[in-house]
1. Give the peptides B:357-364, A:104-111 in descending order of average Cβ contacts within 10 Å, highest first.
2. Can you order the peptides B:419-431, B:88-100 by their average number of other Cβ atoms within 10 Å per residue, highest first?
3. So how strong a dipole does chain B carry about its Cα centre when Lys and Arg Cβ are +1 and Asp and Glu Cβ are -1, to the nearest 20 debye?
4. Under a Cβ-only charge scheme (Lys and Arg +1, Asp and Glu -1), can you give me the dipole magnitude of region A:10-70 about the Cα centre, in debye to the nearest 20?
5. Would you work out if region B:127-273 is rounded, prolate or oblate? Take a ≥ b ≥ c from the square roots of the eigenvalues of the alpha-carbon gyration tensor; rounded if a/c is under 1.5, else prolate when a/b is larger than b/c, oblate otherwise.
6. Peptide A:69-77: average number of partner chain Cβ atoms within 10 Å per residue?
7. Would you mind calculating the relative contact order of chain B from Cα pairs under 8 angstrom and at least 6 residues apart, reporting the percent as a whole number?
8. Would you mind ranking B:Ile374, B:Ile402, B:Ile297 by Cβ crowding within 10 Å, fewest neighbours first?
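Values quoted throughout were computed directly from the atomic coordinates according to the rules given, and no laboratory measurement underlies them. Quantities reported herein were computed from a predicted structural model and do not represent experimental measurements. Note that each Cβ is placed from the backbone with ideal geometry, even for glycine, and that neighbours are counted across all protein chains shown.
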Amino acid sequence: MIAHRKILTDEMVAKIEALAPRYPNRRALTLPALHIVNAELRHVPLQAVAEIAAVLGLAPAEVQDTLTFYQFFHQEKPHGRVRAFVCRSVSCALRGGDHLLEHLCKANGIDPYGTTPDGDLTIEPAECLGACDFAPCILANDDLLKNMTPEAAAAALKQPRAKAT
Amino acid sequence: MPSCKPVLLEAVGVPDGHTLASYRSRGGYAPVEKLLPEKQPADVVEMVKASGLRGRGGAGFSTGLKWTFLPKDHPGPIYLCINADESEPGTFNNRILMEDDPHQVLEGIILSAFATRASTAYIYLRYEYPRSWHRLQAAIDEAYAAGLLGKNITGSGFSLDVYLHRGAAAYICGEETGLIESLEGKRAWPRIKPPFPAIEGLFRKPTVVNNIETMACVAQIARRGVDWFKSIGVPADPNNPRDPGSYGPKLYCLSGHVERPGCYEAPLGITARQLIEEFGGGVWKGRKAKAVIPGGISMGLMTEAELDTPLDFAGPGKVGCLGLGTAAVVVIDETVSIVDFLHNSCRFFAHESCGQCTPCREGTSWSLRMLERIKAGKGRLKDLDLLAEIGATMGMMPGSTICGLADGAAWPIKNAIKKFRGEFEDYIKQTNPHGWMVTDPVPALQIVGAH
């Protein structure tokens, strides 16, 4: 344990520690810990990586290595309060997924992976979301938006939404 | 119509079908309560072996046989990992099972853990399934409260803990050793085999990795019997001693250009055409199919003329596809350019290659860059030969990579170029009238991988 944590709160550490009995070593807590921090901060800055490493008894490089592999955790700045994954894999693409992504980026004035200046919305291309029966689809925080048209999606993404869990 | 009464999908559409009470009312958990106190683990292994159940995750390996690879009399722990990292494009059957009937999955896990003597099971769930996460966690909580998980399950002396573990959006975590590495907190780089997970897997202990649908099948075999399971599907080919048959019901995911996309339960061996016509309401807008993916994008393509191929474990291979895969059937109608399709496929694999093996990392990336070039009207006929060469040389089959991701990336390339070469040539000649015959090297485009 380090004495002065700048980013990880006691609550986050408690959540990580609560999962420890599930695994025979602490390295397996890496992904759960990254998720716990990301759920609160919407990104995992480098300082948080060092603090997670200290909590888990790992080298910061080990945690950073895992983090960078997944491309899921933003590091430089938080993603939007709504993070929208727009599926572009085959079943959605056949029903307009690429067009949907392009339209939404244009409508919000951002590039793919970008965040609106007010911090409300991040739009990211996603590979298959496993909801091909509702193509084209979007995962916005925990909500699956089904059979989206560009207009319906643009309206849906303006709605406030519960945090991703 | 080759249909059977839905069994795996019995709870779909049932109000509160995902709850413990509803599952019990359908006969659920009776097998756990009966078998665990009375039978030995070896009896359950024998039952599953005798059923002919083959893993539903994609490779189609015999589930019971996989379990027998665990060392005998191992002091433990032995781990059971459930692969719920369903990410193969076109595939969503596991999602349906986890959301609509999580207890069916849990019962299969309890029986499989008992059979393999595992006292801890991890469900590795992909991040993009928040609803599955909540439904499964609720079901796990219900099962603990009812004494179906935890210490001394139903007084049998057998104990089991089940934990949900969440991924972070990487296709490679569906590869069983990639999944294990990811669960251990590392980058999901698949391991060189042997040792296979049954000998040295999660946390260096003997490990079985099974798919969600496989678990549901185990639960139904225990409830309805081996004879019921073997009465469905395609028997082993008597002329082929290496064919173990394709028994049981299967969840087929139908998407793309069909009138009624969805997850449908049918006996193994239904043809793609029957599935599309009878379950899917036909190709949408009255059009014809140009091509059909038989089991997730990595299995390659069937042409319209090949649609009478039975979708059992042996069928798609007979028309040059990689296999049945996840049985996710994606219909591509006649208006779609095959160039666009292959670009989409190459983009997926270039993004998802884990970057460990050079032939895959470079092959997927370069195939995408070539497709980008072709789409931009700068294709040359030579590119088709280069693509075919990449398709033939990356993967486990040619022996150049550690895992099968590259074979999955190669198959759509190989099938598309072989079965639709004329369309590629026409496209290239029309869009690049002055350069299609050039064979000089061209400058590289930017790198595209995620990992």
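1. Put in order of decreasing packing, that is B:357-364, A:104-111.
2. B:88-100, B:419-431
3. 440
4. 200
5. Rounded, because the longest to shortest axis ratio a/c is under 1.5.
6. 4
7. With pairs under 8 Å counted, the relative contact order is 15 percent.
8. Ranking B:Ile374, B:Ile402, B:Ile297 by Cβ neighbours within 10 Å, fewest first, gives B:Ile402, B:Ile374, B:Ile297.
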